Structures are given as C-alpha cells and as structure tokens.
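These notes concern the structure reproduced below.
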Amino acid sequence: MIKYITFSFAISVISWIVGMVVNAGLIKTPFYKQYLTKLNFITDENLNRYIGIGIFKWIIIHSLFKYFNPKLSLKKKIMASELPDLRNEMTIAEISHLIGFVFVMGFVLVKVGQGYYLFALVMLIVNILMNLYPTLLQQQNKRRIDMYCKILAIRGQLNN
C-alpha cells in the first residue's frame with residue numbers, strides 16, 4: 001500500500017512538469033485562447049462547497065503549497081489593472097493541472113487494465129487531490145475575477 005501511495009504522489013508531481021511543458025506548447029495556439037481559457041466544469045458554488053473546494057482552498061492557503069506558484073500568491077491588495085494578468089496566470093496553472101490530470105489518468109487506466117484495482121484507486125484519489133482539485137479551485141477563482149471585472153466594467157473602472 002505504501003508503494004502505491006508513494007508512486008501515486010511521485011507520478012502526480014511528475015505530471016505537474018508534464019502539464020507545464022505541454023501547456024507551454026499549447027498556450028500560443030488559437031485553440032488555447034478560444035476554448036481552454038474559458039473552461040468551467042462546475043459553475044454551481046453549492047456543488048463546489050459540497051465536494052470540498054473550500055476546505056481544499058484553506059489547506060492550500062495554510063500550507064507549503066501556497067509557495068509553489070508565487071505568481072498566484074497575493075501579498076498586497078491587487079489593483080484592477082492587474083486582474084487580467086492574474087487571471088492569465090490562473091489559467092496557465094489550471095490548464096497545466098488539467099493536462100497533468102489526464103496524464104496520470106493514463107497510468108490509472110493501465111493499472112485497471114492490468115487488474116491492479118487498489119493501485120488504480122489510490123492513484124485516482126491522489127490525482128484528484130493533486131491535479132483535479134487545483135483545476136477546480138483555479139476555475140472558481142477565475143469566475144470570481146470575471147465577476148469582479150464585469151462589475152468594474154459597468155462602473156467604468158476597468159480599462160479592458
């Protein structure tokens with residue numbers, strides 16, 4: 001069981017690197033701008049709360065994970081003009097985690113095919129926690145930024 005857990009964490013961390021590399025290639029494509037920047041899997045905030053995104057957010061804020069992407073750590077009050085750049089960084093992190101999630105799912109499917117169901121389940125759970133939940137959290141944060149930008153645009157305070 002320990003072997004399953006350590007392998008699952010290792011492959012998830014490797015998937016972050018794979019996600020960043022693949023995302024770096026995708027970021028300049030029209031497909032990225034047209035489709036990937038607008039992904040939104042869960043729009044219902046009650047469902048987000050039910051599956052524990054709020055708890056996950058608290059853990060990220062109060063653990064060492066907050067230092068993993070310094071561009072997303074807000075140390076000061078952010079200016080309205082900085083919101084589009086922050087949203088872009090969130091999109092990069094979101095898509096990188098999503099690519100990582102798909103990468104690890106390939107390993108999960110291989111283990112299911114080999115009949116290692118417990119190994120596949122452990123990998124799936126770790127993958128959800130280390131790749132899918134960060135994706136969902138970034139989507140939630142992007143929705144909040146989008147809502148705030150709409151309010152600022154109505155007030156005429158955002159120059160975009």
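Considering only residues of region 137-160 that are under 25 Å from residue 97 (Cα atoms) and over 17 Å from the mean Cα position of the chain (by Cα), which is modelled with the lowest pLDDT? Working first, answer last.
Going through region 137-160, the residues under 25 Å from residue 97 (Cα atoms) turn out to be 137-149.
Still in the running and over 17 Å from the mean Cα position of the chain (by Cα): 147-149.
Numbers: 147: 85, 148: 84, 149: 80.
Checking each candidate, the answer is 149.
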The lone exception for residue 64 - which of (1) surrounded by fewer than 11 Cβ atoms within 10 Å (Cβ to Cβ); (2) within 16 Å of the chain's Cα centre (by Cα) it fails: (2)
Flag if residue 1 is surrounded by fewer than 13 Cβ atoms within 10 Å (Cβ to Cβ), of a type in the set (A, V, I, L, M) and touching a residue at least 24 places away in the same chain (Cβ under 8 Å): yes
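Within the group 81, 96, which residue is surrounded by 15 or more Cβ atoms within 10 Å (Cβ to Cβ), of a type in the set (S, T, N, Q) and over 22 Å from residue 47 (Cα atoms)? So that I can check it myself, show each step before the final result.
Numbers: 81 fails: surrounded by 15 or more Cβ atoms within 10 Å (Cβ to Cβ).
Only one candidate qualifies: 96.
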Output for region 20-40, where each listed residue is touching a residue at least 24 places away in the same chain (Cβ under 8 Å) and within 19 Å of residue 144 (Cα to Cα): 36, 37, 39, 40
In region 143-160, the residues that are in contact (Cβ under 8 Å) with a residue 60 or more places away in the chain and either surrounded by 14 or more Cβ atoms within 10 Å (Cβ to Cβ) or in a helix (DSSP H, G or I) (or both): 143, 145, 148, 149, 152, 158
Close pairs from region 41-63: first outside any helix (DSSP H, G or I), partner modelled with pLDDT of 90 or more and open to solvent by 60 Å² or more (accessible area, probe 1.4 Å), Cβ under 8 Å, at least 6 apart: none
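Matching residues to (1) of a type outside the set (Asp, Glu); (2) over 25 Å from residue 24 (Cβ atoms); (3) in contact (Cβ under 8 Å) with a residue 60 or more places away in the chain; (4) in a helix (DSSP H, G or I):
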{"site": "99", "(1), (2), (3), (4)": "yes, no, yes, yes"}
{"site": "102", "(1), (2), (3), (4)": "yes, no, no, yes"}
{"site": "106", "(1), (2), (3), (4)": "yes, no, no, yes"}
{"site": "111", "(1), (2), (3), (4)": "yes, yes, no, yes"}
{"site": "115", "(1), (2), (3), (4)": "yes, yes, no, no"}
{"site": "119", "(1), (2), (3), (4)": "yes, yes, yes, yes"}
{"site": "127", "(1), (2), (3), (4)": "yes, no, yes, yes"}
{"site": "131", "(1), (2), (3), (4)": "yes, no, yes, yes"}
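In a helix (DSSP H, G or I) and under 18 Å from residue 96 (Cα atoms): is that true of residue 6 in this structure? Full working, then the answer.
Numbers: in a helix (DSSP H, G or I): yes; under 18 Å from residue 96 (Cα atoms): no.
No, not satisfied.
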Criterion: in contact with a Leu (Cβ under 7 Å, 6 or more places away or on another chain) and either open to solvent by less than 90 Å² (accessible area, probe 1.4 Å) or at pLDDT 85 or above (or both) - qualifying residue of 105, 90: 90
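Restricting the search to region 23-33, which residues are part of a helix (DSSP H, G or I) and over 16 Å from residue 90 (Cα atoms)?
First, the residues of region 23-33 that are part of a helix (DSSP H, G or I): 23-26, 30-33.
Result: 25, 30, 31.
The values are calculated or read from the model by the stated rules, or taken from the named source; none is laboratory data. Computed from a predicted model, the values in this text were never measured in an experiment. Backbone-built Cβ (ideal geometry, glycine too); neighbour counts: all protein chains shown. Heads up: the accessible areas ignore ligands, DNA and RNA and are worked out on the full protein's heavy atoms, side chains in. Shrake-Rupley method; radii C 1.70, N 1.55, O 1.52, S 1.80 Å.
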